[in-house]
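Undergrad: One structure is given below, represented as structure tokens, and several questions about it will come after.
The values are calculated or read from the model by the stated rules, or taken from the named source; none is laboratory data. This one's a predicted model, so the numbers in the text were calculated from it and none came from an experiment. Quick reminder, even Gly has a Cβ in these numbers, built from the backbone with ideal geometry, and neighbours come from all protein chains shown. In case anyone asks, the SASA skips ligands and DNA or RNA and just uses the protein heavy atoms, side chains included. Shrake-Rupley method; radii C 1.70, N 1.55, O 1.52, S 1.80 Å.
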Amino acid sequence: VTVMSSFRPKGISSESASHFPLADGSVTPQKRPHKSFCIYTIHSVTFPLPLHMSEQQLLKPDEWSYCDYFWADRKDPQGSAIISGFEVLLQKQLKGRQMQKEMAEFVRERIRIEEEYAKNLSKLSQIPLAAQEEGTLGSAWAQLKKSLADEAEVHLKFSSKLQSEVEKPLLIFRENFKKDMKKFDHHMSDLRKQLASRSAAVEKARKALADRQKDLELKTQHLEIKLNSKIEEDIKKARRKSTQAGDDLMRCVDLYNQSQSKWFEEMVTSSLELEHLEVERVEMIRQHLCQYTTLRHETDMFNQSTIEPVDKLLRSVDPARDRELWVREHKTGELRPVDMDI
């Protein structure tokens, strides 16, 4: 970690800080471009010290936007590696994609259960148990068995619609998702690598300037002890080299700031795009889960319609009528026995 003072905050120029556009058409909050305070550099990115945090405003206040909360790196909770804030956002996207696939697998299992249930209902409806029941009760029983076949058809249609209207959309949504995420990752990684390279160049130039200044100071001290033309010439050379080293440091700092400004802009743009993608994913899943509940309600309604004829016939079951019908068909005679005469 490198700590410096009396520097204007790096990472974005005063002009881009004032006018950088966000996705909703707004711009970043106005920053005071000439404010000077202590900064520190960690993992090649320059930040103000925490005591100056109040000087910065959120880019999208009160929205908990990705573009405001993922600037620093952190330790990977699953290992010892350090990952960038942008990688955390990418991991969120990849996890969301995995959750989406698992939801599709869940629906696929529900479809399998529905298909198996429909198959068993259809098979049960064809079993000739109690097929010889007669009368109004026999009619109700026959309708109940038929309702099983009707219900099986309802569940088959339900499983088919689940497949086409819920499972399939969950599976095919953003088929090129991983490929797109890799593009994001490579682009941001390249910008961070360039930033790290230019940060290293700044430190190298800073060290070179310190060495040149130290050499100039030593030669100046020698001149105070012993005055001669050769030492004066050496001092002139040392001063030129020190000036050159200072110019080199300024050039390296300028290149670093350009790289960090570019990285800053890409971070804001890309994080807002990932935020939009996550909103889109959640809305898509919500819509298709709503479709699931709609289909489920329809299935209940259709199942109810298959049982209504059964209810109607059950209300018409009449033991007396059944007895009459059975007697008419199976009677053996109406004459009753009488006493025998002598």
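Undergrad: Evaluate the range 109-127: report whether one residue or more is surrounded by 12 or more Cβ atoms within 10 Å (Cβ to Cβ), touching a residue at least 60 places away in the same chain (Cβ under 8 Å) and either in contact with a Ser or Thr (Cβ under 6 Å, 6 or more places away or on another chain) or of a type in the set (Asp, Glu) (or both).
TA: no
Undergrad: A further question on this structure: If you take the residues in the range 70-95 that are in a helix (DSSP H, G or I) and without any contact (Cβ under 8 Å) to a residue 12 or more places away in the chain, which one is surrounded by the most Cβ atoms within 10 Å (Cβ to Cβ)?
TA: Looking at residues that are in a helix (DSSP H, G or I) and without any contact (Cβ under 8 Å) to a residue 12 or more places away in the chain, I get 91.
The rows are residues; the columns are (1) surrounded by 14 or more Cβ atoms within 10 Å (Cβ to Cβ); (2) assigned to a helix (DSSP H, G or I); (3) in contact with a Gly (Cβ under 6 Å, 6 or more places away or on another chain); (4) at pLDDT 95 or above.
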| residue | (1), (2), (3), (4) |
| --- | --- |
| 183 | no, yes, no, no |
| 202 | yes, yes, no, yes |
| 209 | yes, yes, yes, yes |
| 224 | no, yes, no, no |
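Undergrad: Would you point out the residue of the range 49-58, among those that are in contact (Cβ under 8 Å) with a residue 24 or more places away in the chain and within 30 Å of the chain's Cα centre (by Cα), that is most open to solvent (accessible area, probe 1.4 Å)?
TA: 57
Undergrad: Residue pairs, Cβ under 7 Å, 6 or more apart or interchain, first in the range 238-255 and open to solvent by 80 Å² or more (accessible area, probe 1.4 Å), second hydrophobic (A, V, I, L, M, F, W, C). List them.
TA: 239/216
Undergrad: I've got another one for you. Exactly one condition in (1) modelled with pLDDT under 95; (2) among the hydroxyl-bearing types (Ser, Thr, Tyr); (3) touching a helix residue (DSSP H, G or I) at 6+ places or on another chain (Cβ under 6 Å) is not met by residue 229; state its number.
TA: Failing condition for residue 229: (3).
Undergrad: Could you tell me which residue of the range 59-69 is nearest to residue 270 (Cα to Cα), considering only residues that are in a loop (DSSP other than H, G, I, E, B) and open to solvent by less than 60 Å² (accessible area, probe 1.4 Å)?
TA: Among those residues, the one meeting the criterion is 65.
Undergrad: Now a separate question. Checking the structure you have, find out if any residue of the range 269-285 is within 30 Å of residue 205 (Cβ to Cβ), touching a residue at least 12 places away in the same chain (Cβ under 8 Å), among the basic types (Lys, Arg) and assigned to a helix (DSSP H, G or I).
TA: no
Undergrad: Could I ask something else about it? Can you find, within the range 147-181, the residue that is modelled with the highest pLDDT among those that are outside any helix (DSSP H, G or I) and open to solvent by less than 70 Å² (accessible area, probe 1.4 Å)?
TA: Per the criteria, the residue is 173.
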